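The values are calculated or read from the model by the stated rules, or taken from the named source; none is laboratory data. Worth saying up front: this structure is predicted, and the values here are computed from it rather than measured. Methodologically, a virtual Cβ is constructed for each residue, glycine included, from the backbone with ideal geometry; neighbour enumeration extends over all protein chains shown. For the accessible areas, the whole protein counts, side chains as well, though only heavy atoms, and no ligand, DNA or RNA atoms are used. Shrake-Rupley method; radii C 1.70, N 1.55, O 1.52, S 1.80 Å.
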Amino acid sequence: LCYLISLFPGSHLHHMEARNETQISNFLLLGFSEEPGLQPIIFGLFLSMCLITVFGNLLIILAISTDPSLHTPMYFFLANLSFVDICFTSTTVPKMLWNIQTQSKAITYAGCITQIYFLILFAVLDIFLLSVMAYDRFVAICHPLHYTVIMNPRLCGLLVLVSWIMSILNSLLHSLMMLRLSFCTHLHIPHFFCELNQMLQLACSDTFLNNLVMYLAAVLLAGGSFIGILYSYSKIVSSICGISSAQGKYKAFSTCASHLSIVSLFYCTMLGVYLSSAATHSSQSSATASVMYTVVTPMLNPFIYSLRNKDMQGALKAFLGKETLP
């Protein structure tokens, strides 16, 4: 999985520790609770959610790849989203489970930078893919006659490729800017993973430029994508309202329902994290809220798409039927 490399202190990134002014060896991830009695419960809960996320999303990818009727732009983007969700959860949860199992809270400096890199990468990729899926639904409903011409395989591949490139560059920028900071001796992170904002608060050197880039990226990438999604759905709603039959309206809306549910869940939980953090100034509440978009949302995506989509249900039954045949 994506984050396993950072579990090993002897990785090729470990030499970055030496460049830090304070010669950092480890950060401490405080997690959710210091109570020893709660650790097995937390371990079991997060292990279950991680396994459900990985196997649920993997099942979606396999069902789409094996069913020719699902080889369409919408399901191509969904398969990519499922892959990103597997990586997103794998960036944070395995390290937390490892720390609980070994009764250690330590994470290396190189591990922290690696975790921040992949966390930002997959979070931004999620945002871009949700935007691309909104555009796909916009074309399908507002320009149905030209759908296959507009959403051709070349454009679909290009949209995913551009999403990856922009996400990689954005994540690389944040990670490289973290390397220029020096840190104080108090290296306790009140979270279950290395979160960019929490790391900036621990820095002793000037973080003005880091904060500026962080908020600019949030406004341009997340805000811009959200505006694009809102615009797409405003056009979709106006097109659906123009359909005369009630059955036609229902059919058009049902193709968007799953995507709209995931968009709402992802953006509402992410917004909830920052609002709860700003309102309470509590790192503990921020850590608890962040579980929603880093763990819970990727876990729910397969259920939302499989429960609300008859084509996906048929593909899953066909795939599972093939697997159970002798």
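Val93 passes every criterion in (1) in a helix (DSSP H, G or I); (2) open to solvent by 10 Å² or more (accessible area, probe 1.4 Å); (3) more than 21 Å from Ser69 (Cα to Cα); (4) out of contact with any Gly (no Cβ under 9 Å at 6 or more places or on another chain) apart from (2). When we screen Leu260, Leu209 for residues that are in contact with a Lys or Arg (Cβ under 9 Å, 6 or more places away or on another chain), in a helix (DSSP H, G or I), farther than 21 Å from Ile304 by Cα and not aromatic (Phe, Trp, Tyr), the only hit is Leu209. Taking the listed residues Asp85, Asp126, Asp67, the one that is of a type outside the set (A, V, I, L, M) and open to solvent by 30 Å² or more (accessible area, probe 1.4 Å) is Asp67, with no other qualifying. Here is the figure for the stretch 239-252: residues that are part of a helix (DSSP H, G or I) and open to solvent by 70 Å² or more (accessible area, probe 1.4 Å) total 6. Consider the stretch 181-233. How many of its residues are of a type in the set (S, T, N, Q) and within 19 Å of Ala287 (Cα to Cα)? Adding up the residues that qualify gives 3.
Among the residues of the stretch 161-180, at least one is under 18 Å from Thr72 (Cα atoms) and either modelled with pLDDT of 95 or more or not in a helix (DSSP H, G or I) (or both).
Go over the candidates Leu230, Leu209 one by one and state the one that is more than 27 Å from Met299 (Cα to Cα) and either at pLDDT 90 or above or surrounded by 17 or more Cβ atoms within 10 Å (Cβ to Cβ) (or both). Even if it seems obvious, please write down each step before you answer.
Details: Leu230 fails: more than 27 Å from Met299 (Cα to Cα).
After ruling out the rest, the residue left standing is Leu209.
Scan the stretch 186-206 for residues that are touching a residue at least 60 places away in the same chain (Cβ under 8 Å), within 19 Å of Ser104 (Cβ to Cβ) and either surrounded by fewer than 15 Cβ atoms within 10 Å (Cβ to Cβ) or of a type in the set (Gly, Ala, Ser) (or both) and jot them down. Scanning the stretch 186-206 gives a single hit, His188. For the stretch 70-82, the set of residues classified as open to solvent by 10 Å² or more (accessible area, probe 1.4 Å) and closer than 15 Å to Cys50 by Cβ is empty.
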